Each structure stands twice: as structure tokens, then as C-alpha cells.
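Novice: Handing you this structure, nothing more for now.
We did not get these values from a lab; they are worked out from the coordinates using the rules stated. Keep in mind the model is a prediction, meaning the values are calculated, not measured. Note that we place each Cβ from the backbone using ideal geometry, even for glycine, and neighbour counts take in every protein chain shown.
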Amino acid sequence: MDADVSDSPGTPSEPDRPDRPDHSADGGPADGSRDAPGTDPEQDATSGSAPKDDTSGTDPEGGTWSERPPRDPQGGRRHWLRWTALATSLLVLVAAGVGWWLYRKLDDNITTDTSAAEELKAYEKERPRPIARDAQNILLIGSDTRSGDNSAYGRDDGGSQRSDTTILLHLAADRRSATAVSLPRDLMSEIPSCHTADGKAAKKQFAQFNWAFELGGTACTIRTVEKMTGIRVDHHMVIDFNGFKDMVDAVDGVDVCLKEPVDDDDAHLKLPAGRQKLDGEEALGYVRARKSIGNGSDTERMDRQQKFLGALVNKMQSNGVLLNPTRLYPVLDAATKSLTTDPDLDSLRDLYDLVRGMRNVPTEKVQFLTVPRKAYHADANRDELVQPDANRLFEQLREDEAVTVAPAEEIKSGDSQTDHSSGTDPSGDTGASPTPAPTYSGSNAADDLCDS
């Protein structure tokens, strides 16, 4: 009885076998006849009559074809797409994390000068009001403090700060030009009463310009510049020796030409004559050297600094540094490590906006000059402003007017396009302008240092 039950045809637990004697190869009766639907017990146990191409049977692995789902030809593709999407998402997250980490790193490099902001706020009523909307005036101060990492460049006398180089950078409102005006450190100036580092008030005095930074830091320097020029200083940056060196290294050096070899122990500089590429350490010695290059004057040194900065700007623009994040990052990292700014310019976003505004300025429109000055009448080792030329320059910057510069030899030979010897303009109208805009001695970033 048990055997009859287990061997009975149509038992759900046992599929048809192709080699059974009473079935043909396609699963039907051997005589070729087919039962009507619903009369075969096996068909009743399933969902109805099996299709003609029914593949029920045993597969090579021992299972039954009817137990395996039909293969989806798109299944492999969907599986691959899911993994690709997952991998892409992970890469995006990692990149975003790295990007945020780099952003925070650069942001944290910058030092914020809150004390200067507070000092300037206390004297807000006496500061000049901005005139040209959207124009920017930024005071760049090169600090030559000998403390910390800068002790190799001179004796540290208690970490006192000095202003070795001061440049007033004017960015035109349309961002089509930039004018950098050097202010000599020995220029005799009216220095207002400023608070010293210990909170004491230094008296108002007439002294050489760089005393302002040593007496009252950045705020005192800004107030001295504003009093001298009538120009509102919107932002300031203080950068030390190491920041300058690292920026030069970040752009893979800057080319210069030397007419004679240089051997200057004070500037840590020893170079042969001719064209050569300076790394950061050599560049610092080059712009700081006084007695070993040229006539040894501060005037000649400022001219050399301006031309080197122009070459640095040209290198950054011509090599696409400002448009290439991979190459821009080392420059920003080098700059921000040794940078101190006002609170409105102390983030990477603020600096990026500033750089973005300058990256489309043609190199020939990035101009460098020194404020018109001459030897001070009471001491030939000091400088004083040449008037009315200096005030005319300050007025042009205040009003965001174009400033024209040309090499000194062109101005002396009369090759300059601007005739500043009379009241005539280029059209020949003698009454058009009683005080024409002068051409100042200077250079631009497109100049080749080896052509001078």
C-alpha cells in the first residue's frame, strides 16, 4: 500500500521524468494523445495545461528547471550599475571630506588681527570716508620681525616688529587694473598718537614712516597712511619672511637677471651674473639686499622689490596657477601660513573672492610705483613727498581714476605717451586740462626682469 502511494503518478513531490515508458519526449502520452484540460491529475495539481515548450525536468546540477526562476538578461547590468552608483557616492563623500579638510586647514592658517580692528573702530570719526564704490584699498605690510622662525635673518631684540616693506594696493572698481604704491620706510610722516602693545599711548610725532608699525602696530600704520593720503584703507595684510619664501617656492621659483654676481652675507645671498631662477630663500635675499646690488639705496631696493613682485604675479597668471586648484592650493597654503589680516579678510572664501577679482586683470595693468618723493631737506638719509605730484596720485586713487606708469628712462627721454610738461592733452587742445594726469615712474607685471 505504501509503495502504491509513493509511486503513483502526479504526486506533487515527484516531477515527470522524460524516460518514463508511458511518456514521449515532450512529456505527453506515448501514443501521442493528450487529455483534455482538467482531466489529468498532474495538470490539476499545477496551474493548468503546460505550454508546449515546458522545460520541466532535471537540470545538469540535479535540480529541476521548474524550481529555478527564469534568467533576467538585464539583471547583471542592474547589479553592475548599483555597485557603480555606490562606488561613485563613496568617492564623492571622500572628495567632499578631503575638500572640507583642505578648506578648514587653509582657513585655520590665517591669523586674525582683532586688536587693530578695535583700535581703528575707536578712531572711526577721524578716518577718511570711502569715495569710489566697489574699489578696494588694501595695505600690504611686510614684517621683518626677527623673532621665532625669522631669527636667522638678524638679531632678535625682544621680538619687536618692524615694517620692512609697505605697499598700498588699489583694486579698481571694475577689476580691470591694480596699482601698487610703495611707501618708503624712511619717508618722513605725521604719525598720530597710537596705543603701544602694552596699552600706553605714544605721542603724536613727525618721524620716519616705519616707526608707526614699531610703535603701534598695524592700526597705527593704517592711520598714518590714511592721514598722509586721504585714502580709506579697506583691508590689511601682514606677511612675514617665511610666507614670502614659501610662495616663491610654491610657483617653482621666479626668473631674474643679474648684471653682476652677488655675494651678500647679510642677505644670505650668493649668485652668479646672468639669468637664473631664484627659489624662495634666494628671492628673499634678492629683495632685501641693499649694499650688494645696485647703488645700495633704499630707492633702488624698492624698485627691485616691485619688479620681482610683478614677475611673481606674471608667473602665477602665465602658468595658470589662479585657474588650477591643484597648483593654487600650495600657493594659498604658503600665503595663509604667514598671513595676518583684518576680520573681514580672514577666511579662505574672502581671500578667494579677492583673488578671483584679480585673475582677469591683464598683467600690463598690474602696475607698481613708488610714491613721488625726494631726499628730505633736513636729512639726506630720509625722504619727503614731492608735491603736488604725490597729492595728485593720492587723488587719482581716491577717485578710482586710471594711473599711468612708465620706466624712468622713458619719462626722462620724453618717450612717454603722456605729456606732463604742459597743459596740453594728446588732441592738442591747450585749454582742455590745466593739470594733466602725470606719468609716474614705475613698472608692470608684464615687464621682463631681464629686459631692464
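Novice: Trypsin sites (Lys or Arg not before Pro) within the stretch 331-390: which are DSSP loop residues with at most 15 other Cβ atoms inside 10 Å?
Specialist: Details: sites: Lys337, Arg349, Arg356, Arg359, Lys365, Arg373, Lys374, Arg382; in loops: Arg359.
Here the trypsin sites (Lys or Arg not before Pro) that fit, given the DSSP loop and packing criteria, are Arg359.
Novice: Looking at Leu345, Gln276, Leu328, which one has the Cα that reaches farthest to the positive end of the dipole of the stretch 274-382 (charges on Cβ: Lys, Arg +1; Asp, Glu -1)?
Specialist: Most positive-ward Cα: Gln276.
Novice: All other residues with a Cβ under 14 Å from the Cβ of Asp198 taken together, and with Lys, Arg as +1 and Asp, Glu as -1, what is their net charge? Please report the intermediate quantities before stating the final value.
Specialist: Details: positive: Lys200; negative: Glu119, Glu214.
Counting the neighbours of Asp198, the net charge comes to -1.
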